[in-house]
1. I need the strands (runs of 3 or more DSSP E) fully contained in the stretch B:199-265, keeping only those with at least 3 residues that are touching a His at 6+ places or on another chain (Cβ under 7 Å).
2. Kindly indicate the residue of the stretch A:204-217 that is surrounded by fewer than 19 Cβ atoms within 10 Å (Cβ to Cβ) and of a type in the set (Val, Ile, Thr) and also nearest to A:ALA190 (Cα to Cα) among those meeting that condition.
3. Filter the stretch B:193-235 for residues that are among the acidic types (Asp, Glu) and away from chain A (no Cβ under 14 Å); which is nearest to B:ASN59 (Cα to Cα)?
4. Is it the case, given these coordinates, that B:ARG136 is more than 14 Å from every other protein chain (Cβ to nearest Cβ) and surrounded by fewer than 20 Cβ atoms within 10 Å (Cβ to Cβ)?
5. Which residues, counting only those in the stretch B:9-41, are out of contact with any Leu (no Cβ under 8 Å at 6 or more places or on another chain) and of a type in the set (D, E, K, R)?
6. Any residue that is assigned to a loop (DSSP other than H, G, I, E, B), at negative phi, of a type outside the set (D, E, K, R) and touching a strand residue (DSSP E or B) at 6+ places or on another chain (Cβ under 7 Å) - is there at least one of those in the stretch B:92-104?
7. Read through the list (1) touching a residue at least 60 places away in the same chain (Cβ under 8 Å); (2) surrounded by fewer than 17 Cβ atoms within 10 Å (Cβ to Cβ); (3) under 20 Å from B:ARG240 (Cβ atoms), then give the number of the only condition that B:LEU100 fails.
8. For A:LEU41, indicate whether it is modelled with pLDDT of 95 or more, closer than 26 Å to A:ARG19 by Cα and in a loop (DSSP other than H, G, I, E, B).
Protein chains: 2
Amino acid sequence: MTASTVSPVTTSPAAIRRRIRSGAFQGHTGGQAPGYLQGNLAILPEPYASDFLRFCVANPKPCPLLGVGEPGNPHLVGLGEDLDIRTDVPRYRIFRDGELVDTVSDLCHVWRDDLVAFAIGCSFSFEDALLRAGIRVPHIAAGRNVPMYATHLETNACGPFAGPMVVSMRAFKPRDAIRAMVLSERQPLAHGAPLHFGDPAAIGIADIMTPDFGDPPVMADGEVPVFWACGVTPQLAIRRARPEFAITHDPGHMLITDRLAEQGA
Amino acid sequence: MTASTVSPVTTSPAAIRRRIRSGAFQGHTGGQAPGYLQGNLAILPEPYASDFLRFCVANPKPCPLLGVGEPGNPHLVGLGEDLDIRTDVPRYRIFRDGELVDTVSDLCHVWRDDLVAFAIGCSFSFEDALLRAGIRVPHIAAGRNVPMYATHLETNACGPFAGPMVVSMRAFKPRDAIRAMVLSERQPLAHGAPLHFGDPAAIGIADIMTPDFGDPPVMADGEVPVFWACGVTPQLAIRRARPEFAITHDPGHMLITDRLAEQGA
């Protein structure tokens with residue numbers, strides 16, 4: 001069964017990648033190709049690749065690996081036959097020595113034979129599952145980005161890659177929070193079950209209204225904050241490692257893969 | 001494969017039922033035959049049976065049905081070939097017009113041709129799963145009964161059967177609470193995922209330190225109370241319906257079945 005038999009051709013992962021590749025689609029990928037895993041992107045020169053790979057494996061909640069490329073190869077086995085990591089993400093960030101130096105829509109001019117691409121699961125597919133279950137996801141309902149926080153939880157360090165666990169937060173009434181925990185646990189490649197709920201200070205968040213990344217939270221009376229491991233964790237680890245060259249996706253502009261979220265594990 | 005191939009003969013459900021039947025085992029059944037579903041017991045005269053059956057089906061979280069007998073038949077299909085509901089529970093309570101009139105270890109002298117037996121899932125098997133996962137269950141660690149509370153959540157009424165949802169409470173640090181929610185959800189016949197966590201007042205519990213049934217809770221700093229639907233719910237509904245005759249198990253003295261908890265649904 002191909003994707004086109006389960007959803008209109010225009011929303012299949014391959015069709016959206018084609019539109020991204022041609023420049024016809026340049027926006028956020030949230031809500032596109034529902035049911036398919038989307039990925040955070042990290043691209044590093046080969047000397048950093050094995051430490052980063054070990055870092056992802058040692059920190060599977062924030063860094064669930066969807067795919068790892070061969071040096072210089074822009075394809076990622078199993079994520080889409082046509083997939084070209086140089087063109088199939090709507091927007092990329094380029095870092096030199098840990099500093100953001102450019103934001104681009106195509107990597108062809110900067111691609112090198114020593115670059116290794118990593119696709120890391122993101123929360124969009126579990127948010128799809130919550131919405132399908134009739135659970136209101138506050139930041140989506142408000143048209144905002146999810147609030148994200150650096151915590152005092154430490155990742156497991158590997159070589160130069162280390163640093164704080166970053167979490168994303170969604171607030172729910174307890175009944176929906178329980179359902180959200182159960183549903184997200186079924187998607188280990190989309191960060192799985194949450195790490196924490198309730199008291200933000202218990203994981204080192206001083207002020208929940210002031211996230212470190214994303215937009216301020218939307219929280220109503222009686223709602224409990226629930227915290228999931230977040231794909232910004234490896235991005236922080238990369239910035240902290242200060243590799244001479246690195247590429248990531250621009251937040252919200254993810255890699256759309258052919259991998260079904262619920263066949264994820 | 002028989003039960004005796006996966007665990008010592010003395011801890012198989014059939015072996016424990018034999019010991020109960022003979023009077024050699026008279027105690028609480030918690031921790032016996034781990035991995036097998038245990039059941040709350042309700043026995044009602046036939047005129048009440050169809051309303052009570054509908055009540056269980058309409059309230060699957062507090063009343064997950066494991067088995068329903070035919071009128072006058074002390075066997076329950078699928079729960080154990082040898083099983084005799086008149087002798088295989090360590091202690092029974094006998095009610096007349098909704099009032100407790102006797103506690104007995106054998107129903108042979110009160111059994112009637114019009115009695116219908118209901119076995120309803122209980123929390124023991126999901127507690128086994130928590131313990132196997134290395135999660136400390138506070139009341140078990142303290143050697144107490146679980147605290148239980150009548151809430152302001154209403155069951156779905158069927159005929160004379162109605163009344164408040166009763167919940168049991170176990171407190172955990174958030175990380176273990178998340179795991180407990182996920183693990184319990186895998187056992188829908190043992191009440192499944194919890195109904196609520198956090199603020200007791202939100203479900204009508206005025207004082208968490210004063211449960212309506214069971215022992216006072218054991219709660220440490222930073223632990224969050226988590227509330228599961230409880231098999232006392234149908235017992236309250238039966239007392240409220242005031243049938244001329246009814247039998248239940250005595251709390252903690254459950255029916256041990258041959259049904260595996262994790263093939264439960």
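The values are calculated or read from the model by the stated rules, or taken from the named source; none is laboratory data. If you're wondering where the values come from, they're calculated on a predicted model, not measured in any experiment. Quick reminder, even Gly has a Cβ in these numbers, built from the backbone with ideal geometry, and neighbours come from all protein chains shown.
1. On the way: elements: B:224-229, B:246-249, B:255-260.
Correct list: B:224-229.
2. In the first step, residues of the stretch A:204-217 are kept if they are surrounded by fewer than 19 Cβ atoms within 10 Å (Cβ to Cβ); the result is A:204, A:206-210, A:212-213, A:215-216.
Filter once more, keeping what is of a type in the set (Val, Ile, Thr): A:208, A:210.
On the way: A:ILE208: 23, A:THR210: 25 Å.
This residue is A:ILE208.
3. Here is the first cut: in the stretch B:193-235, the residues among the acidic types (Asp, Glu) are B:199, B:207, B:212, B:215, B:221, B:223.
Okay, now just the ones that are also away from chain A (no Cβ under 14 Å), so B:207, B:212, B:215.
Values: B:ASP207: 25, B:ASP212: 21, B:ASP215: 25 Å.
Result: B:ASP212.
4. Working: more than 14 Å from every other protein chain (Cβ to nearest Cβ): yes; surrounded by fewer than 20 Cβ atoms within 10 Å (Cβ to Cβ): yes.
Criteria met by B:ARG136.
5. B:ARG18, B:ARG19, B:ARG21 - these are the residues of the stretch B:9-41 that are out of contact with any Leu (no Cβ under 8 Å at 6 or more places or on another chain) and of a type in the set (D, E, K, R).
6. Looking through the stretch B:92-104, none of the residues is assigned to a loop (DSSP other than H, G, I, E, B), at negative phi, of a type outside the set (D, E, K, R) and touching a strand residue (DSSP E or B) at 6+ places or on another chain (Cβ under 7 Å).
7. Result: B:LEU100 fails condition (1) only.
8. Values: modelled with pLDDT of 95 or more: yes; closer than 26 Å to A:ARG19 by Cα: yes; in a loop (DSSP other than H, G, I, E, B): no.
So A:LEU41 does not fit the description; no.
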